[in-house]
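K.L.:
Questions regarding the structure given below will be posed in turn.
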Amino acid sequence: MKKFKNLFYLLSIILISNYSSAQKVGETVRLISHLKVKSFDNIIGENKDSVQYLEPYLLYNINKVDSTKIYLKALHFKNDSTKQVHYNDKIYTVARKEFNESHEEYKHDDKLSIGILTLPFKARPQGDFTFDTNFNLSTTLNWSLIRVYRAKLNVQIGSGIGNVNLNSSNASGISDDKAQTISSLNFFTGIMLEYHRVNAGMYVGVDHINNQSEYRWESNGNLWFGMGIGYDIFKISLGTKKNQ
């Protein structure tokens, strides 16, 4: 019985692995190396200009899949006349085994995304230069500016909650024996580098606490500088890429 269970688990893992890596019709991929062409067909007309090897770093849609071959159609070229002749309205057939070693999944670069962020520390330059390392967690709205190799440079705005330690040295409304930790609300903006949904960036913002009239925290509403790490929860699509 135990051997049967182990065999069942092994087969399940193999099936899941094969399913997750299987190519799907309609999927967009990017080639990472040259790929030898077996044959090609015209969708429109009888243009005989073709290539012997598909170029890397271009985008292709999977048009058809069988046991040994993959049929690829390049995304439409609008401005490159040479590539228009070689790729537009053509379906190229390549060996499936070689294709598996020569491509990566393409994910559309959506401009907007929403994520979560934590700031390991905040530097407060007012008065005596101080650092905070208290708990904080924020929600961010990210706007993608440019791509740097496989990373993206984003601008972020966000807000969240955190903790602030108040004592007689930073809040005039608290006596020496009544130091306490209270909640704060923060607002910030910054620039962030994103790689595979993981974020790291530099930020500037302000914190506000409740009952400022009672505690009189010296850093309430003052600028702080910090570094943060975060993760994108989901993307906000502004359209599907149809050309390249």
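K.L.:
Tally time: how many residues in segment 193-211 are open to solvent by less than 20 Å² (accessible area, probe 1.4 Å) and at pLDDT below 90?
P.N.:
Final tally of qualifying residues: 2.
K.L.:
Something else: Looking for whichever is in contact with a helix residue (DSSP H, G or I) (Cβ under 8 Å, 6 or more places away or on another chain) and part of a strand (DSSP E or B) here; the options are Ile161, Ile157, Ile182, Ile116. Which one fits?
P.N.:
Details: Ile161 fails: in contact with a helix residue (DSSP H, G or I) (Cβ under 8 Å, 6 or more places away or on another chain); Ile157 fails: in contact with a helix residue (DSSP H, G or I) (Cβ under 8 Å, 6 or more places away or on another chain); Ile116 fails: in contact with a helix residue (DSSP H, G or I) (Cβ under 8 Å, 6 or more places away or on another chain).
That would be Ile182, the only listed residue that is in contact with a helix residue (DSSP H, G or I) (Cβ under 8 Å, 6 or more places away or on another chain) and part of a strand (DSSP E or B).
K.L.:
Pull up segment 128-162, narrow it to residues that are free of Cβ contacts under 8 Å to residues at least 12 places away in the same chain, closer than 23 Å to Leu112 by Cβ and of a type in the set (A, V, I, L, M, F, W, C), then point me to the one that is surrounded by the fewest Cβ atoms within 10 Å (Cβ to Cβ).
P.N.:
So the residue we want is Ile146.
K.L.:
May I pose another question? What pairs come out if I take residues in segment 87-112 that are on the phi > 0 side of the Ramachandran plot and pair them with residues that are modelled with pLDDT under 95 whose C-beta lies under 6 Å away, six or more apart or interchain?
P.N.:
Asp89/Ile43; Asp89/Ile44
K.L.:
Could you grab the pairs with beta carbons closer than 7 Å, sequence gap of 6+ or different chains, first residue in segment 115-127 and within 17 Å of Ser169 (Cβ to Cβ), second one in a strand (DSSP E or B) and of a type in the set (Val, Ile, Thr)?
P.N.:
Partner pairs satisfying both residue conditions: Arg124/Thr130.
K.L.:
Specify the residue that is most open to solvent (accessible area, probe 1.4 Å); the eligible residues are those in segment 1-47 that are modelled with pLDDT under 85 and under 15 Å from Asn88 (Cα atoms).
P.N.:
Glu46
K.L.:
Moving to a separate point now. Would you call Leu166 closer than 28 Å to Leu193 by Cβ, buried (at least 19 other Cβ atoms within 10 Å of the Cβ) and not aromatic (Phe, Trp, Tyr)?
P.N.:
Details: closer than 28 Å to Leu193 by Cβ: no; buried (at least 19 other Cβ atoms within 10 Å of the Cβ): yes; not aromatic (Phe, Trp, Tyr): yes.
Taking the combined requirement at face value, the residue does not satisfy it.
K.L.:
Still on this structure: Across segment 212-226, what is the number of residues that are loosely packed, with under 13 Cβ neighbours inside 10 Å and not in a loop (DSSP other than H, G, I, E, B)?
P.N.:
So the answer is 2.
K.L.:
Within segment 70-95, take every residue that is at pLDDT below 95 and over 18 Å from Ile44 (Cα atoms) and give me the one that is most open to solvent (accessible area, probe 1.4 Å).
P.N.:
Once the filter is applied, the top-ranked residue is Asn79.
The values are calculated or read from the model by the stated rules, or taken from the named source; none is laboratory data. Source: prediction; values computed, not measured. Virtual Cβ from ideal backbone geometry, glycine too; neighbours counted across all protein chains shown. Remember, those area values only see protein heavy atoms, side chains included, never the ligands or the DNA or RNA. Shrake-Rupley method; radii C 1.70, N 1.55, O 1.52, S 1.80 Å.
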